[in-house]
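This report concerns only the one structure given below.
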Amino acid sequence: MKKLRWLILLLLFPLVIPISSMRGTQKPAPPARPLPANTVHDVHSYSNPQEVRVRHVDLNLHVEFEPKVFSGSATLTLERVSKDRAARLILDTRALNITHVWASSNGQSFTPTPYTLGASDAILGAPLTIDLPDDATTVKVQYYTSPGASGVQWLEPAQTAGKKFPFVYTQSEAIHARSWIPLQDTPGVRVTYSAYIRTPPNLMAVMSAEHLESSKGEYRFQMRQAIPSYLIALAVGDLRFKPLGKRTGIYAEPPVIAKAAFEFADTEKMVETTERLYGPYRWGRYDILVLPPSFPYGGMENPRLTFATPTVLAGDRSLVSLVAHELAHSWSGNLVTNATWSDFWLNEGFTTYIERRIIEALYGRERAEMEATLGRRDLEEEMAELDERDEILHIDLNGRDPDAGSTGVPYEKGVLFLRSLEETFGRANFDKFLRGYFAHFAFQSITTADFAAYLKQHLFQQSTALAARIPLEEWLERPGLPASAPQPKAVAFARVEQQAHFWAEKKLTLKQFTTARWSTQEWLRFLQSLPDELGAARMAELDEAFHLTQSGNSEIAFQWLLMAIRNRYEAAYPRLEDFLTTIGRRKFLKPLYEELVKTPSGRERAQAIY
Ligand code: BES
Ligand code: ZN
């Protein structure tokens with residue numbers, strides 16, 4: 001299985017092979033922000049922000065589809081942190097080809113400075129150590145990426161919706177920014193950035209930043225708010241824009257833009273709702289970029305521009321909790337950021353909590369409870385197979401790849417913890433606490449300990465009696481779920497479960513079902529409530545009645561295909577193969593492959609599809 005997981009990873013982000021050209025120069029805009037007091041140690045970065053900190057990144061990149069490389073320069077504006085002038089700057093890199101390094105005392109005139117690229121570690125990449133002259137304020141690195149850069153995916157025209165033009169996108173979280181920019185790749189360091197991007201003349205570039213100006217093949221961007229490196233993002237393809245509301249819109253390839261605009265029509269309302277709950281949206285615009293299906297995630301919260309999988313375009317807006325989720329990161333994650341990947345639950349648990357609150361505000365309590373119930377069920381299923389160390393919110397990732405350790409725990413255990421705070425202290429009170437939390441830590445990167453201290457001071461202090469009901473240490477530092485973990489309840493699910501059981505026990509025929517008005521969430525619950533061992537004949541019966549193999553809803557299709565593998569329902573295999581070869585979303589691929597390799601014939605099939 002380990003091997004297969006690596007195969008999947010390799011498929012998504014293949015490996016190295018260099019070649020390319022060089023150019024570019026640019027002056028940075030020195031920022032005037034107070035320097036954060038200190039930086040916690042991040043085991044996933046070689047950088048030395050305790051001594052010298054990068055404050056602004058100025059990119060000058062040429063996007064070259066032919067050798068599949070970005071080439072150009074990154075100019076980094078520095079601030080000394082320690083009083084004894086640091087003699088060196090250490091940057092993170094992975095499979096980067098460094099061609100020149102210069103230093104400057106004024107950001108204008110640069111002189112070459114010595115540097116060394118250390119040995120490459122499989123997880124961390126290679127440290128780039130740059131000699132810093134005493135008066136250096138700026139460093140400029142000229143480089144080009146490798147075609148197999150772990151954070152860059154190059155697509156052939158056949159892999160796009162339009163089939164005519166190539167496409168490229170970056171995915172920097174967790175530690176892939178270093179594969180396309182040499183920088184201090186730790187979420188504890190925040191930078192502003194600017195970029196000058198050159199593309200083939202018929203393609204459009206978009207970034208997680210404000211779009212300044214462009215002419216054919218030339219784009220300028222600026223991100224004025226200080227963000228962690230994992231939020232720097234770029235995509236280039238045959239893109240169109242369609243506005244949704246006054247500060248919201250969609251970027252997508254021409255064949256999908258209308259469908260996407262329909263699907264995400266509620267986006268502006270979501271922004272307004274979240275502002276009402278947790279304070280102002282601090283990023284200006286909120287747009288969504290719909291990517292080709294190989295995108296490895298459901299969504300990525302790149303600031304001002306969420307990257308989203310097309311697999312949520314169900315045609316009925318039933319999977320828009322993904323937008324609620326990525327939008328929620330504009331508060332939890334992008335505004336208040338996990339300082340290290342061990343604190344990842346601060347990003348994802350809070351975001352899942354806000355996501356469900358947005359869904360409740362827009363679509364009602366029942367819908368939010370259905371999603372919460374599905375979430376808790378997935379968590380329990382996953383935890384049954386997890387190592388105890390992976391069930392801990394404040395996870396120890398020393399020596400591990402933060403992507404490999406990524407599970408549903410920071411999301412669903414995190415949200416249960418926050419929900420237990422809401423239920424214990426009351427919703428109005430907890431909302432007020434959260435507003436205070438976002439205001440207090442805005443544009444900072446914080447640890448689990450920072451959060452716990454703030455929680456004790458601002459919530460627990462209100463009532464020692466209520467605080468005594470929260471097993472805080474158990475929630476944060478121990479595996480499993482505390483006995484007091486909330487249990488979401490969806491009334492509609494009781495009906496669906498009953499029908500599933502009656503049909504399984506042959507007390508009801510499918511004709512007697514009342515599925516006409518079932519939501520996607522009810523369908524998912526129905527499928528999950530059926531016995532694991534159904535047999536191919538009963539699968540065929542379901543398929544005939546409900547056409548599940550052909551479902552256009554990716555979540556329903558995924559659930560059905562899992563069942564198809566388990567029950568050796570061969571009529572669904574062509575769809576399974578199609579699903580596995582076109583969709584890159586890890587949440588779907590991993591469980592399907594895991595289910596396949598449980599049997600020898602399935603393993604063969606998995607290898608063949610691969
Ligand atoms: N930030 C994550 C995606 C991510 C996590 C990328 C870890 C790299 C490392 C994003 O906000 C996310 O959680 N996406 C989910 C969708 C969401 C609706 C739960 C996903 O992609 O499944
Ligand atoms: Zn998230």
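Read the figures in this text as sums done on the coordinates, not as results from a lab. Remember, predicted model here, so these are calculated numbers, not experimental data. Backbone-built Cβ (ideal geometry, glycine too); neighbour counts: all protein chains shown.
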Legend entry - Where a label projected 7 Å from the Cα of residue 241 along Cα→Cβ would reach, residues of region 204-232 with amide N under 17 Å: 204-224
Legend entry - Kirkwood Rh in Å, taken over all unlike Cα pairs in region 461-513: 14.9
Inset, instruction - Compute log10 of I(q)/I(0) for region 123-210 with the Debye formula, placing one identical point scatterer on every Cα and leaving out solvent, at q = 0.11, 0.18, 0.26 Å⁻¹, to two decimals. - result: -0.42, -1.02, -1.57
Legend entry - Long-range HN-HN contacts of residue 240 with modeled amide H, under 5 Å: 252, 253
Inset, instruction - Putting +1 on Lys and Arg Cβ atoms and -1 on Asp and Glu Cβ atoms, find which of 175, 407, 291 reaches farthest to the positive end of the dipole of the chain. - result: 291
Inset, instruction - Name the residues whose placed amide hydrogens come within less than 5 Å of the amide hydrogen of residue 447, ignoring near sequence neighbours (fewer than 5 apart) on the same chain. - result: 339
Legend entry - Overall dimensions of region 434-477 by Cα: Rg and Dmax, Å: 11.3, 33
Inset, instruction - Return one quarter of the surface area of the convex hull spanned by the alpha-carbon atoms of region 306-443, equal to its mean projected area, in nm². - result: 9.2
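Remind me, relative contact order of region 478-545 in percent, using alpha carbon pairs under 8 angstrom and six or more residues apart? List each step's numbers first, then the result.
Details: 27 pairs, mean separation 25.6, N = 68.
Computed value for region 478-545: 38 percent relative contact order.
If each residue's Cβ is checked for other Cβ atoms within 10 Å, how do 241, 167 rank with the fewest at the top? Numbers along the way, then the final one.
On the way: 241 14, 167 24.
Lowest count first: 241, 167.
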Legend entry - Dmax and Rg, reported as Rg then Dmax, of region 391-451 (C-alpha, Å): 14.0, 41
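Can you list the DSSP H helices in the chain whose Cα atoms extend at least 24 Å along the helix axis and whose mean Kyte-Doolittle hydropathy is -1.0 or higher? If you can, show how the numbers build up before the last one.
Working: long enough: 344-363 (28 Å, 0.01); 365-383 (26 Å, -1.51).
Taking the DSSP H segments of the chain (at least 24 Å long, mean hydropathy at least -1.0), we get 344-363.
How much length, in nm to one decimal, is gained on full extension between residue 610 and residue 457, taken as 0.36 nm per residue of separation minus their Cα-Cα distance?
49.8 nm
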Inset, instruction - Give the whole-number value, in cubic angstrom per residue, of the convex hull volume spanned by the C-alpha atoms of region 232-329. - result: 92
Inset, instruction - Please get the size of the charge dipole for the chain, origin at its Cα centre, with Cβ charges of +1 on Lys and Arg and -1 on Asp and Glu, quoted in debye to the nearest 20. - result: 1160
Inset, instruction - Work out Dmax and Rg for region 422-511 from the C-alpha atoms and quote the Rg first, both in angstrom. - result: 20.2, 58
Legend entry - From the C-alpha gyration tensor of region 487-610, square roots of 5λ in Å: 26, 16, 13
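For region 46-162, count all C-alpha to C-alpha pairs, find those more than 16 Å apart, and express that count as a whole percent of the total. Let's see the in-between values first.
Numbers: 4302 of 6786 pairs.
Of all Cα-Cα distances in region 46-162, 63 percent exceed 16 Å.
Rounded if a/c is under 1.5, else prolate if a/b is larger than b/c, else oblate: which is region 364-518, with a ≥ b ≥ c the root eigenvalues of its Cα gyration tensor? Provide the component values of the computation, followed by the final result.
Values: a/c = 2.46, a/b = 1.65, b/c = 1.49.
Prolate, since a/c reaches 1.5 and a/b exceeds b/c.
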Legend entry - Computed Kirkwood radius, in angstrom, where 1/r is averaged over Cα pairs of region 219-278: 13.7
Inset, instruction - Amide H neighbours of residue 69 under 5 Å, at least 5 residues apart or on other chains, H built in the peptide plane: list them. - result: 64
Inset, instruction - Check the straight Cα-Cα distances from residue 164 and name the lysines below 19 Å, setting aside those fewer than 8 residues away within the same chain. - result: 68, 216
Inset, instruction - Determine which lysines satisfy two conditions relative to residue 587: a Cα distance under 24 Å, and not lying fewer than 8 residues away in the same chain. - result: 2, 3, 259, 413, 598
Legend entry - Relative contact order (percent, whole number), the chain, Cα cutoff 8 Å, 6+ residue spacing: 11
Inset, instruction - Under 1.5 on a/c is rounded, so check that first for the chain, then, if it is not, pick prolate when a/b is larger than b/c and oblate when it is not; a ≥ b ≥ c are the square roots of the alpha carbon gyration tensor eigenvalues. - result: prolate
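Using the Cα gyration tensor of region 159-214, with a ≥ b ≥ c the square roots of its eigenvalues, what is the shape: rounded (a/c below 1.5), prolate (a/b larger than b/c) or oblate (neither)? Display every interim value, and only then the final one.
Working: a/c = 2.76, a/b = 1.58, b/c = 1.74.
In terms of gyration-tensor shape, oblate.
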Inset, instruction - Using only the alpha carbons of region 482-539, determine the length spanned along each of the three principal axes and report them from longest to shortest in whole angstroms. - result: 41, 27, 19
